[in-house]
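The values are calculated or read from the model by the stated rules, or taken from the named source; none is laboratory data. If you're wondering where the values come from, they're calculated on a predicted model, not measured in any experiment. In this analysis, Cβ positions are derived from the backbone assuming ideal geometry, glycine residues included, and neighbour counts consider all displayed protein chains. Only protein heavy atoms, including side chains, enter the accessible area calculation; ligands, DNA and RNA are left aside. Shrake-Rupley method; radii C 1.70, N 1.55, O 1.52, S 1.80 Å.
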Amino acid sequence: AKQAAFINFSSSDLSSKYVGAKLLLGDDGTGRDQNVGSELVRAHSEKIVKWVKQFVIDNQGVMQEGGSVVILSSFGGGTGASLMPTVIDAVHNAGYGHRTVLVGVLSSPREGVATGPNSVKAFQRIYNDYVLTDKVKCSLLFDNEKFEKSFELNTYDFGSMNSLIVAFLQEFFDEDVYRRSATGFQTLDVNEVRRVVRWGKGLADYSMSEKAIDGDTELKYDSSIFGGKYKLSSAKACALLVKFKKGEGEYDQKTLDFVSESITNFKKKVSSAFFVFGYSFGNKEQ
């Protein structure tokens, strides 16, 4: 709760269960209109910047340990899309632009006629002005339409979609898994992963797949969070973690050779990228 902060132009959007810092700047919202949102941001910009700066100061200990400032918002409405530039600038001016992670949620086209154009407009602005200029070191896109299809969710089941986003973010930012000993096997250390995550000047993506040992050593890459396609050949940096369910001494050489060949084949697909990989044993999932 100490590391969470919530900003909105409508108090009704805030769950009664929320515990953390909050800045509520009105009760009427924006009506999914980014122009209205921009006007409200201009009217409250000084207060917003001061509040964000204080939040960063309050979390200096986390930042000194290598933590990130994660800015999470939908792109489809009026509030988040309007607030993001001011919040990003405030974090950057506070000296932590190199630790800024932007998580943008793309609304489903089924949500209404305004959400699609809003998402495109917000994404283009953030991407051109902040991602490509390196003010944001990591940018992830979560796609509600993909969750609708992949998990067979109703368009308006935002509770389930938000829970999925949180689960993926927990997996994405879980650094404890890299601190486990692989006893003689290649490991991914925390700073290797941070280097990939904070490579900058582009979009990051996340793929989690379960692969049975069936003789096919080709690892097929499919985004777990975004419905569009990325070209692996254009990747600038890549971290690959192989998670084993059992302990390191419980797999025969044939299995380990299979995994090694799979890693080699995948590395060829990202041949021009900075590439790191490692093994992790004793996981709940294989």
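Of the candidates Gly97, Gly66, Gly29, Gly20, the single residue that is closer than 21 Å to Leu169 by Cα and crowded, with 19+ Cβ neighbours inside 10 Å is Gly97. Determine whether Phe55 is among the aromatic types (Phe, Trp, Tyr), surrounded by 18 or more Cβ atoms within 10 Å (Cβ to Cβ) and within 22 Å of the chain's Cα centre (by Cα). In short, yes.
In the range 1-22, the residues that are over 26 Å from Gln60 (Cβ atoms) reach residues that are open to solvent by less than 40 Å² (accessible area, probe 1.4 Å) with C-beta atoms within less than 6 angstrom, at least six apart or across chains, in these pairs: Phe9/Leu25; Phe9/Gly26; Phe9/Gly29; Phe9/Thr30; Phe9/Thr79; Ser10/Gly29.
Within the range 100-147, restricting attention to residues that are surrounded by fewer than 19 Cβ atoms within 10 Å (Cβ to Cβ) and among the charged types (D, E, K, R), the residue that is farthest from Ile57 (Cα to Cα) is Arg110. Just one of (1) in a loop (DSSP other than H, G, I, E, B); (2) open to solvent by less than 50 Å² (accessible area, probe 1.4 Å); (3) touching a residue at least 60 places away in the same chain (Cβ under 8 Å) fails for Tyr279. It is (1).
If you go through the range 164-176 and keep only what is in a helix (DSSP H, G or I) and surrounded by 11 or more Cβ atoms within 10 Å (Cβ to Cβ), you end up with Leu164, Ile165, Val166, Phe168, Leu169, Glu171, Phe172, Phe173. Total residues in the range 177-206 satisfying the condition of being open to solvent by less than 50 Å² (accessible area, probe 1.4 Å) and basic (Lys, Arg): the figure is 2.
Each row is one residue, and each column tells you yes or no for (1) touching an Asp or Glu at 6+ places or on another chain (Cβ under 9 Å); (2) hydroxyl-bearing (Ser, Thr, Tyr); (3) without any contact (Cβ under 8 Å) to a residue 60 or more places away in the chain.
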position	(1), (2), (3)
Phe142	no, no, no
Tyr206	yes, yes, no
Lys211	no, no, yes
Asp216	no, no, yes
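Among residues of the range 148-163 that are surrounded by 12 or more Cβ atoms within 10 Å (Cβ to Cβ), those with a beta-carbon under 9 Å from a residue that is assigned to a helix (DSSP H, G or I) and hydroxyl-bearing (Ser, Thr, Tyr) at least six positions away or on a different chain give the pairs Leu153/Ser160.
For the range 261-272, a residue qualifies if it is open to solvent by 20 Å² or more (accessible area, probe 1.4 Å) and touching a Ser or Thr at 6+ places or on another chain (Cβ under 9 Å), and the qualifying residues are Glu261, Thr264, Asn265, Lys269, Ser271, Ser272. Is it the case, given these coordinates, that Asp257 is in a helix (DSSP H, G or I), more than 30 Å from Pro109 (Cβ to Cβ) and open to solvent by 40 Å² or more (accessible area, probe 1.4 Å)? Criteria met by Asp257.
Residues in the range 1-17 that are open to solvent by less than 70 Å² (accessible area, probe 1.4 Å) and polar (S, T, N, Q): Asn8, Ser10, Ser11, Ser15.
Taken across the range 39-47, residues that are free of Cβ contacts under 8 Å to residues at least 40 places away in the same chain, in a helix (DSSP H, G or I) and buried (at least 19 other Cβ atoms within 10 Å of the Cβ) do not occur at all.
Taking the criterion of being open to solvent by less than 80 Å² (accessible area, probe 1.4 Å) and in a helix (DSSP H, G or I), the residues of the range 225-239 that qualify are Leu232, Ser234. Taken over the range 207-224, the criterion of being surrounded by fewer than 16 Cβ atoms within 10 Å (Cβ to Cβ), modelled with pLDDT of 90 or more and over 18 Å from Val276 (Cα atoms) is satisfied by Asp222 alone.
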